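Notes for the one structure printed next.
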Amino acid sequence: MKARVLEEQADLFEVSVLSQSAEVEPVAWDALIAEPSGPPVVVIGRALSSARLPEFRKFATAAARAKVAVLLVPPFADLDIGRYFETPVPLRARRRGAEDSASVVDAGVAQLLGSDLKIRSDHHFETALGAGVIAVDQQGKPVLIRFQVTNTSSPVYFSALQLLTYTALTNEENRQATLAHILAWEPSVASEAVVGRAAVATAGSKPSPVSREVLVPVALLLSAGGAQPSELVRARARAFLGADLSEGDVQRALNEFAAMGVIEAGDTWTVIPANLEAFLERLGLHAYVRELADLLATEEIPA
C-alpha cells in the first residue's frame, strides 16, 4: 500500500504513523498540482489556510480528473474545510469532547469493516446535506464522509476520525483497517467506461463561461424547488447552500442554462426536467437534490 504526502508535512507525527501502514512518498506541492497522478494523497488538515485556498482548489480539481483519492485528516487549521474542495454545500468541522466510537452507516463499507468502529474523534462535521456519509458519532453527526464531485471522479475522504493518531481510545485493528480501506480506493471499470463516453460526447464543446460555484447552487434549487423568482433563489442559496449569489450571478446562470437547453427562457422561464436531470447526473448531485427538497418543504426562508 502506497500513499503520498505534502513534502512540507513529511516530518509530522501523523505521517510517521502513516508510514507504519503504507509506503510514504513526500511530494513537492507544485509538482503535485502539476501532475497529481499516482497513489492516494494524504493531507493533514493543518495545511489548510485561506492563503492557500486557490492552490487547494486547483489540486482538488486536478486530483478528481486524474482519479486520485484524497484523505483529509485532523488536526484542522481551518474548520471551514469544504471550501478547499468546492463541496456544493458548506462543510465545517466542529470541535467537541472526545468520543471513542463511530457507527458505520454505509452498507458497503459496513460489510468490509463492520457496523461499529472504535476510533477516537474530537470533531464532527456539520453540513446541511449528508450524501456520502460513511460513519457517524454517538450523536449521529458525520465523522467520515466520502465526497465525489461526480459519480465517476475520485473521492475526497473527510475524516474526523483520528486515523493517524495512536491513542488508548482507538482500537488499532479498526484504525488500520479503515485507513487501508480508504487508501485502497480504485476507479471501477464501469466508471472508466462512463468517463470515456462522456469525453466523446463533450469533445470540442466550449467551457462554460459561468463558474461552477454559481451554476451548481442555481441548478440544485431549480431541481428541488422548480421555477422561482431570482430573489428567492438568492435567499435560498444563502440560507441552505452557503452561497452568496448576486442578481447578476443568477441571471448569468439562467442564461447559461437556457443556452444548454436546461430551461426555456422568455418573459418567464420554465425548467425542462429531463435536461436538468441529465446536467445534475453528470455532476453526481441527485442525493443533494432530494435532501434540499426536504429542507425547502420544512424550513422557513429568511427575508
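Go through the stretch 95-128 and report how many residues are assigned to a strand (DSSP E or B), of a type in the set (A, V, I, L, M, F, W, C) and surrounded by 14 or more Cβ atoms within 10 Å (Cβ to Cβ). Reasoning before the result, please.
First pass over the stretch 95-128, keeping only residues assigned to a strand (DSSP E or B): 95-99, 102-104, 116-117, 121-126.
Narrowing further to those that are of a type in the set (A, V, I, L, M, F, W, C): 98, 102, 104, 117, 125.
Narrowing further to those that are surrounded by 14 or more Cβ atoms within 10 Å (Cβ to Cβ): 102, 104, 117, 125.
Selection size over the stretch 95-128: 4.
Every residue, every condition in (1) over 23 Å from the mean Cα position of the chain (by Cα); (2) aromatic (Phe, Trp, Tyr); (3) modelled with pLDDT of 85 or more, yes or no:
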{"position": "ALA201", "(1), (2), (3)": "yes, no, no"}
{"position": "LYS206", "(1), (2), (3)": "yes, no, no"}
{"position": "SER211", "(1), (2), (3)": "no, no, no"}
{"position": "LEU215", "(1), (2), (3)": "no, no, yes"}
{"position": "LEU222", "(1), (2), (3)": "no, no, yes"}
{"position": "SER230", "(1), (2), (3)": "yes, no, yes"}
{"position": "ALA243", "(1), (2), (3)": "no, no, no"}
{"position": "ASN255", "(1), (2), (3)": "yes, no, yes"}
{"position": "ILE263", "(1), (2), (3)": "yes, no, yes"}
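Can you confirm whether GLU256 is closer than 15 Å to PRO88 by Cα and not aliphatic (A, V, I, L, M)? Walk me through how you get there before you give the answer.
Details: closer than 15 Å to PRO88 by Cα: no; not aliphatic (A, V, I, L, M): yes.
No.
Can you find, within the stretch 11-29, the residue that is farthest from ARG57 (Cα to Cα) among those that are aliphatic (A, V, I, L, M) and assigned to a strand (DSSP E or B)? It would help to see each step written out before you state the result.
The first filter runs over the stretch 11-29 and keeps only residues aliphatic (A, V, I, L, M), leaving 12, 15, 17-18, 22, 24, 27-28.
Going one step further and asking which of them are assigned to a strand (DSSP E or B), we end up with 24, 27.
Values: VAL24: 23, VAL27: 17 Å.
Filtering the stretch 11-29 for residues that are aliphatic (A, V, I, L, M) and assigned to a strand (DSSP E or B), the one farthest from ARG57 (Cα to Cα) comes out as VAL24.
When residues of the stretch 109-130 are filtered for being out of contact with any strand residue (DSSP E or B) (no Cβ under 8 Å at 6 or more places or on another chain) and closer than 17 Å to VAL156 by Cα, how many remain?
Looking only at that region, the number is 1.
Does GLY82 satisfy being crowded, with 18+ Cβ neighbours inside 10 Å, in contact with a Leu (Cβ under 8 Å, 6 or more places away or on another chain) and modelled with pLDDT of 95 or more?
Working: crowded, with 18+ Cβ neighbours inside 10 Å: yes; in contact with a Leu (Cβ under 8 Å, 6 or more places away or on another chain): yes; modelled with pLDDT of 95 or more: no.
Taking the combined requirement at face value, the residue does not satisfy it.
Just one of LEU220, LEU245, LEU241 is surrounded by 15 or more Cβ atoms within 10 Å (Cβ to Cβ), under 18 Å from LEU292 (Cβ atoms) and without any contact (Cβ under 8 Å) to a residue 40 or more places away in the chain; which is it? Outline the logic, then answer.
On the way: LEU220 fails: without any contact (Cβ under 8 Å) to a residue 40 or more places away in the chain; LEU241 fails: without any contact (Cβ under 8 Å) to a residue 40 or more places away in the chain.
So the residue among LEU220, LEU245, LEU241 that is surrounded by 15 or more Cβ atoms within 10 Å (Cβ to Cβ), under 18 Å from LEU292 (Cβ atoms) and without any contact (Cβ under 8 Å) to a residue 40 or more places away in the chain is LEU245.
Of the residues that sit in the stretch 44-68 and are polar (S, T, N, Q) and part of a helix (DSSP H, G or I), which one is surrounded by the most Cβ atoms within 10 Å (Cβ to Cβ)?
Taking the stretch 44-68 as the starting set, the residues that turn out to be polar (S, T, N, Q) are 49-50, 61.
Those left that are additionally part of a helix (DSSP H, G or I): 50, 61.
Numbers: SER50: 11, THR61: 17.
Only one residue fits best here, namely THR61.
In the stretch 160-187, how many residues are part of a helix (DSSP H, G or I) and closer than 17 Å to VAL42 by Cβ? Steps first, answer last, please.
We begin by selecting, within the stretch 160-187, every residue part of a helix (DSSP H, G or I); these are 172-183.
In the following step, the residues that additionally are closer than 17 Å to VAL42 by Cβ were identified as 175-183.
Qualifying residue count for the region: 9.
Please pick out the residue among VAL17, VAL24, VAL41 that is within 23 Å of the chain's Cα centre (by Cα), at pLDDT 95 or above and either closer than 16 Å to VAL70 by Cα or surrounded by 15 or more Cβ atoms within 10 Å (Cβ to Cβ) (or both). Don't jump to the end; show me each part of the working.
On the way: VAL17 fails: within 23 Å of the chain's Cα centre (by Cα); VAL24 fails: within 23 Å of the chain's Cα centre (by Cα).
On inspection, the qualifying residue turns out to be VAL41.
Test ALA131 against the criterion of being in a loop (DSSP other than H, G, I, E, B) and either at pLDDT 95 or above or outside the structural domain of VAL289 (by TED's automatic domain parsing) (or both), and give yes or no.
Numbers: in a loop (DSSP other than H, G, I, E, B): yes; either at pLDDT 95 or above or outside the structural domain of VAL289 (by TED's automatic domain parsing) (or both): yes.
Answer is yes for this residue.
What residue, of LEU71, LEU32, is touching a residue at least 12 places away in the same chain (Cβ under 8 Å), part of a strand (DSSP E or B) and crowded, with 19+ Cβ neighbours inside 10 Å? Give the steps one after another, and end with the answer.
Values: LEU32 fails: part of a strand (DSSP E or B).
Answer to the selection: LEU71.
The values are calculated or read from the model by the stated rules, or taken from the named source; none is laboratory data. Everything numeric here is computed off the predicted structure, so don't read it as measured data. Don't worry about glycine lacking a Cβ; one is built from the backbone with ideal geometry, like all the others, and counts go over all protein chains shown.
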